[in-house]
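Taken together, the values in this text are just the output of simple stated rules run on the coordinates, not laboratory data. The structure presented is a predicted model; accordingly, all values stated were derived computationally and were not measured. A quick note on method: Cβ atoms are made from the backbone with ideal geometry, for glycine too, and the neighbour counts reach across all protein chains shown.
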Amino acid sequence: MAAPMAVVKQELSEDVDIEAKIIELCTLTPKGITDDVIKAEVPQCDIQQRVTAVNRLLSTNRIELLKSGAKLLYKLKDPDAAGQIKGADTEEKVVFQIIKDAQNKGIWTRDIRIKSNLKNIQVLNKILKNLESKKLIKAVKSVNASKKKVYMLYNLEPDQSVTGGPWYSASEFESEFVEILNAQAHKFLQQKALDASIVHPEDPWRKLQTSYASAESVLQHIKNLGISKVDLSVKDMESILDTLIYDGKAELSARTSGTGDGGSVKIYRNIQPLTDTSGLVKTPCGICPVISRCTTDGLISPKTCVYMKEWLDF
C-alpha cells in the first residue's frame, strides 16, 4: 500500500527574488500597480514578505507610493528625472520637490511661489518653463478655475478633481453624454420594474425586492450597450443615478452586502412620482452631476452655462 503523500506548505524558493518581480511588474505597468497585483502575480509570498520587499524598494528610492482615487499604487521611479534634477540649482530643486509633493492633484503657481519663498514671479516662470522643457513637470488646466493651471509631475495622471472625470473632454462639460447615460440608466430601472411585475404579479414583497438594481448592474448594462468611450466606475454611475433621484424618477435604498462584514450596498428602483416634479429639477442645475463644483468665477459657472441660457430663453 502506497504511503500517503505529505501535505507541505508551498514556500518561495530561494531563487525567487520578490523585489525583482515587483520591479518587473512596475516596468510592465508604468502607471503603477496595486498590492492586489503583486499578490496575484507572486501568490507564493505571504503578506510579511510583500511588505518587507516593498519597504526596501521604497527606502532605496527604486519605487514610489502614489494615491489614485481610493487606491494606493506602487510606481517605478524615473531614474532620468532624478538625474536631470540632480544637476539643477537649489531653487529649481525646491520648486520640483514642491510640485512632486502635490502628487496628481497639482499645485497652483501662487502656492508654489508661497511655499518656495520665490518673490520674483519671472524667476519662478522661468524655472517652470525649464522643468516643462525637460518633461519633468506638466501644466494641466483645472475645471475648477477657467484661467488657472496646476502643475504636477509629467508622468502622473491628473486626479478627477482636476480634470472633472468622465464628464469632461478637453475641460468641456459633456452634457449630451450625461443625458444619454441618464436616459439609459432610467430605461434599465424601468425594465427592471416591469420584469418584476411580470414574474411576481401576486407577490408585492418579492416584486418590490426584485425591482431594485445596484449601481454595478446598471454600469454593466451601460458597458454592454457600448455607449461610453471612457471607463466608468461604480461611483460615476452612482452620480448618474443620483440625478434620477433628484428628478423624482428613482429612489435609493440599501441591502446588506452579504460579505459578513456588516456592510451595505446601495440599490435603486424606478418610481412614479406622486406629485409633479419640483421646479428645481426642471432647471439645468437640478440634473447637473457636477453642481458641487459650480462657482461664480470658475470654469463651471451659472454666468457662462450655455444650458442655463438655453433654458431661460426657452
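Computed values, structure above
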| quantity | calculated |
| --- | --- |
| Straight-distance crosslink candidates among aspartates and glutamates, where the alpha carbon sits under 14 Å from K207 and sequence neighbours closer than 8 are dropped | D195 |
| Set K148/K229; K187/K223; K93/K141 screened for pairs whose C-alpha atoms are more than 19 Å apart | K148/K229; K93/K141 |
| Separation of alpha-carbon centers, region 187-223 and region 98-170, rounded to whole Å | 46 |
| Tensor-based shape of region 175-270 (alpha-carbon gyration tensor, a/c under 1.5 rounded, otherwise prolate or oblate) | oblate |
| Segments 193-199, 215-221, 132-138, 162-168 sorted - mean Cβ within 10 Å per residue, highest first | 162-168, 215-221, 132-138, 193-199 |
| Exceeding the 24 Å Cα-Cα cut-off - candidates K67/K129; K71/K249; K105/K309; K31/K135; K105/K235 | K67/K129; K71/K249; K105/K309 |
